[in-house]
Amino acid sequence: MDFELGDRIRIEKDGNVYEGIVMPTTTDHVVVKMVSGYNAGIDPEGATITLLEKAQPKSAAKKEKAEKVKPSKNLPNVTILSTGGTIASKVDYRTGAVTAQFSADDIVDAIPEITEIANISGRVVYNILSENMKTEYWSELARAVAEEIENGADGIIVAHGTDTMMYSAAALSFMLRTPVPIVFVGSQRSADRPSSDNAMNAICATKVAVSDIAEVCVVMHDTACDDRCAIHYGTKVRKMHTSRRDAFQSINSDPIGYVDYSTKKIETVMPYTKRGTHELEIKPTLEPKCALVKFVPGADSDILSYYTNSGYKGLVIEGTGLGHVSTDWIPNIRRATEAGIPVVMTSQCLNGRVCDRVYDTGRDILKAGAIEGEDMLPEVALVKLMWALGQGGDLEEIAAIMSTSVEHEITECTLK
């Protein structure tokens, strides 16, 4: 076919016309970015393809430079740790399904602009869709991050699937004290799907990775437009939409700041730990036998008995409103805490703070030994409890850890 990356072409097939710029692809399909901003992948068999305009020479030179870029002494060193997910995925056009198949090097090949920000090296930790994440993988990932920092990385990017990224970001927030930025990034839409957000997210994440924001954070689209990305604390972020590009939002906190996509400048609005403040420290031990239980009206309290009788070491309850459950549940909460199993109360409301001192039910829950989860997100409370139990200690010591902010997970004054 007589066209190259960056050329403008027209494809006519089955009565449809597609016109746009030729994009990179790892399949036999021709992928074009149309004026609408959406990508279309077309099987060239039986199609009529017309070259409309050759790419400008300067674009070709830029591409050549990106493909042959060599490490620069003037750029910081950033390691991309790939775990899979949509940012490292492509569409299998035979089935229409998205599969995690790309390595960290493939991400660099697909988004060469990041090599203008930092010297990039890649490492595949595992290659899974994020719903297949396991507790032991978090410990493995934390060790991989620590190893790269010890080897001289000035920043770390973790390419991760979006569905469980908030869990992994919280886990590393507790397990690592870092002297450099550790940036989680993902994509709601794969590179060869319409309106992919992978390039902008990756570029903004790379800017944060070379900044002085030495936090475990999540960098994703802030709006539905390609204008800026938000920098979220790893313990305050939640995926709030199944498919929108701006699905990730900070809960009970503002983001740390924003990356303007056009200027690549970072604006911070919240306090953060600066690069080099801490020495590297890792505490990767977790207790996996913890459960998150959602209370619903009419739910049998034997749900709690199941976990306490099955060897579980900790429970987080997602209660109603200020942190309530039916009075029928209170005796089983007491039995759990008397057996040395911490029970942490959080709220389904997400926004706002648990307070079990307002109503009689809440006071009885506290008397039964439950720990107030303050304004922690339920999933963050779960990960923190796993980590707290992994550090050892009795019920009183665990309660003290759960009630104290370790990595921004509890705010002094919850936003209204």
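The values are calculated or read from the model by the stated rules, or taken from the named source; none is laboratory data. Everything numeric in this text was worked out from a predicted model, so none of it was measured. Don't worry about glycine lacking a Cβ; one is built from the backbone with ideal geometry, like all the others, and counts go over all protein chains shown. Side chains are part of the model used for accessible areas, which takes the heavy atoms of the whole protein and leaves out ligands, DNA and RNA. Shrake-Rupley method; radii C 1.70, N 1.55, O 1.52, S 1.80 Å.
Descriptive notes on the structure:
- Scanning the stretch 13-37 for residues that are in contact with a Ser or Thr (Cβ under 9 Å, 6 or more places away or on another chain), loosely packed, with under 15 Cβ neighbours inside 10 Å and touching a residue at least 24 places away in the same chain (Cβ under 8 Å) turns up just one, GLY37.
- Sole exception among (1) free of Cβ contacts under 8 Å to residues at least 40 places away in the same chain; (2) open to solvent by 40 Å² or more (accessible area, probe 1.4 Å); (3) closer than 17 Å to VAL185 by Cβ for ARG244, by number: (1)
- Some residue of the stretch 311-319 being more than 28 Å from the chain's Cα centre (by Cα) and either modelled with pLDDT of 95 or more or surrounded by fewer than 18 Cβ atoms within 10 Å (Cβ to Cβ) (or both): yes
- Residues of the stretch 355-373 that turn out to be part of a loop (DSSP other than H, G, I, E, B), modelled with pLDDT under 95 and open to solvent by 10 Å² or more (accessible area, probe 1.4 Å), as a count: 4
- Looking at LEU304, LEU292, LEU286, just one residue is part of a loop (DSSP other than H, G, I, E, B), touching a residue at least 24 places away in the same chain (Cβ under 8 Å) and over 22 Å from VAL210 (Cβ atoms), and that residue is LEU286.
- Residue within the stretch 374-382 that is at pLDDT below 95 and outside any loop (DSSP other than H, G, I, E, B) present: no
- When each of ASP364, ASP360 is tested for being of a type in the set (D, E, K, R) and without any contact (Cβ under 8 Å) to a residue 24 or more places away in the chain, the lone residue that passes is ASP360.
- Just one of the listed residues (GLU140, GLU116, GLU147) is open to solvent by 50 Å² or more (accessible area, probe 1.4 Å), at pLDDT 90 or above and in contact with a helix residue (DSSP H, G or I) (Cβ under 9 Å, 6 or more places away or on another chain), and it is GLU116.
- Scan of the stretch 331-353 for residues that are open to solvent by 10 Å² or more (accessible area, probe 1.4 Å) and either of a type in the set (A, V, I, L, M) or part of a helix (DSSP H, G or I) (or both), ordered by number: PRO331, ASN332, ARG334, ARG335, THR337, GLU338, ALA339, ILE341, LEU350
- Flag set for VAL259, criterion: of a type in the set (A, V, I, L, M), crowded, with 18+ Cβ neighbours inside 10 Å, more than 27 Å from GLY352 (Cβ to Cβ) and in contact with a strand residue (DSSP E or B) (Cβ under 8 Å, 6 or more places away or on another chain).
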